[in-house]
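Report on the structure given below.
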Amino acid sequence: MNSASSILERLSSQAREHYSNSVDPLAANLMFNREPDPGTRRGHPLVLLIGNHSSGKSTLINYMLGREIQNTGVAPTDDDFTVLSHGENDEERDGDALVSNPDLGFAELRKFGPSLVSHLKLKVRNAPFLKELTLIDSPGMIDSAQLSQDRGYDFIKVVRWFAEQSDVILLLFDPDKPGTTGETLTTLKDALSDMSHKMVIVLNKMDQFQTLHDFARAYGALCWNLAKVIPTKDVPYIHNIYIPGIWVQGEQLLPMDDFDQARDKVIQEIKHAPKRRIQNILTRLYEHSRQLLAHSKVCNEARKTYRQNRRHWRLGISGAFLAGVAGAAAAYYLRSEDGLILGGSILAAGTVVAALLFLLGRNSMARREKEILDSLAGIYANVFNRDYVLGDQADLDALWDRIKDRTHAAISTLGMSNLPRVKPSQIKALEHIIKTSVPKLRSELHQSPKDESKESETASTGRAF
Ligand SMILES: Nc1nc2c(ncn2[C@@H]2O[C@H](COP(=O)(O)OP(=O)(O)O)[C@@H](O)[C@H]2O)c(=O)[nH]1
Ligand SMILES: [Mg+2]
């Protein structure tokens, strides 16, 4: 293992420790589970290529590997997901073999059904490019309103699965179809919307533009469409490239040197998949800790409000009952007949009032529980009142959007009276991960060898939570 990969291994094992020491136990208590993480996956870093059919995915793979491995062509002939990995001898295996071998890390794909498995392929090749990473070629998205179910499996869910596992997602477009309608848009929105931090967006076939006007139109359309489906603060960065080959013909209008450099940069981004893996793990740790912290604070506040109400109710019951007992005791003390009758009546009245309070209170506590559940958004806004004044409001709103369904489900499943209290030390541990540990690991990653790329940073490291 070279020093770069040993640093990466050390950083990822530190991230795993944070999960197992402070994050996962609390998340399990509060029913706030995290999604599968590429860091828990064994095997090589993964690079997923996705895009319209005929956008040049397979051509780019062949170019990078320096061999004709994937079929290419204008017609949408290849409708398989192909896993390309390294091995001494060339070998081809079908989907069954791919999902049957747990060491390969694709066994979970079986859950999408036999139709998908029959559209999976493993190609082992002795190509140096594949030594550090595994590539996944995908069937093109069809730019029409056609339903994904037509394929016999849920295309969107499958893409999401691959995207979650991947460390770099290469999203390819070509001038003909800059991501306009149908499956492309749905896939971007439903399968890739929260994956922008690992996405590399490429507009291919630059050689095909006849006029600058054509280029500006296609580029603008792509930006416009991406902005609608990928929620980022900035305009998404688009790499404009072409892939050299006999298909590139005629006099070129645009400066091809620039596109050569852009292609080299895209290939560098792909080669940085191992480093991206750690970056993604750190981003996930940061994001999940932030979400869990917000979830914990909302749970604590809901629990406190509920318990305050319950205390008033219980005090009322105990008060009425104690008043009855006190009255009875006073009468007993006086020992007069009238006193006994009066005492008995007071005790009876106290007990009746206590019982009534109990019954009414029980209903109203159930109502109160529902009211609190319905007002979680307000509780969140109150808890983060200070951050709303001082911080980034859109970011806080987005955080609530991401957790609200899970927070609601967790509280209603656990029940307000069974919600565990999150201790200040647990809150502190999460804050420490967010404010100190992740930034420290990030800076170690930047200082590690072979850091030539300007990797995209999506998660800020300085936020208060
Ligand atoms: N002019 C031009 N054609 C390209 C370029 N890249 C790929 N092609 C062609 O586009 C067609 C589709 O490519 P392919 O790799 O099969 O697309 P896929 O469906 O995304 O895998 C093929 O005929 C390629 O030769 C490029 O940069 N310029
Ligand atoms: Mg292809």
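Each value in this text was obtained by applying a stated rule to the coordinates, not by laboratory testing. Predicted model, so just to flag it, every value in this text is computed and none were measured. All Cβ positions, glycine included, derive from the backbone under ideal geometry; neighbour counts span all protein chains shown.
For the reader, a short list of remarks on this structure follows.
- In range of the label at residue 392: residues from region 235-273 whose backbone nitrogen is under 11 Å from the point 7 Å along Cα→Cβ: none
- Once the Cβ-Cβ distance of residue 363 and residue 332 is raised to the sixth power relative to R0 = 41 Å, the FRET efficiency obtained is 0.75.
- Amide hydrogen proximity for residue 126: with H placed 1.01 Å from N in the peptide plane, the residues at 5 or more positions away or on another chain lying under 5 Å are 87, 90.
- Only helices enter this figure: runs of n ≥ 4 DSSP H residues, each worth -39500 (n - 2.57), summed and divided by the residues of the chain, yield -17500 deg cm²/dmol at 222 nm to the nearest 500.
- Taken as Cα centroids, region 258-331 and region 380-439 sit 4 Å apart, rounded to the nearest whole angstrom.
- Proxy reagent accessibility, fewest Cβ within 10 Å first, across 443, 85: 443, 85
- Estimated distance in nm for a label pair at residue 67 and residue 345, the labels positioned 7 Å out from Cα along Cα-to-Cβ: 10.2
- Taking the C-alpha atoms only, the angle from helix 273-334 to the longest principal axis of the chain is near 10 degrees.
- Per residue, the Cα convex hull of region 169-227 amounts to 75 Å³.
- Rounded tilt (10° steps) of 155-165 against the dominant C-alpha axis of the chain: 90
- Region 43-271, Rg to Rh (Cα coordinates; Rh as Kirkwood inverse mean 1/r): 0.95
- Counting other Cβ atoms within 10 Å as a rough exposure proxy, the listed residues 407, 436, 134 run 436, 134, 407 from fewest neighbours to most.
- Three principal axis extents of the chain based on alpha-carbon atoms, in descending order, are 118, 49, 48 Å.
- Nearest 10 degrees, 0 to 90: helix 438-447 Cα axis against the chain principal axis: 20
- Residue order for 247, 313, fewest other beta carbons within 10 angstrom first, comes to 247, 313.
- Residue-by-residue Karplus 3J(HN,Hα) for region 408-420, coefficients 6.51, -1.76, 1.60, Hz, glycine and proline x: 4, 4, 5, 5, 6, 6, 5, x, 4, 6, 9, 4, x
- A simple spin-label model places the labels of residue 92 and residue 404 5.1 nm from each other, with each point 7 Å out along Cα-to-Cβ.
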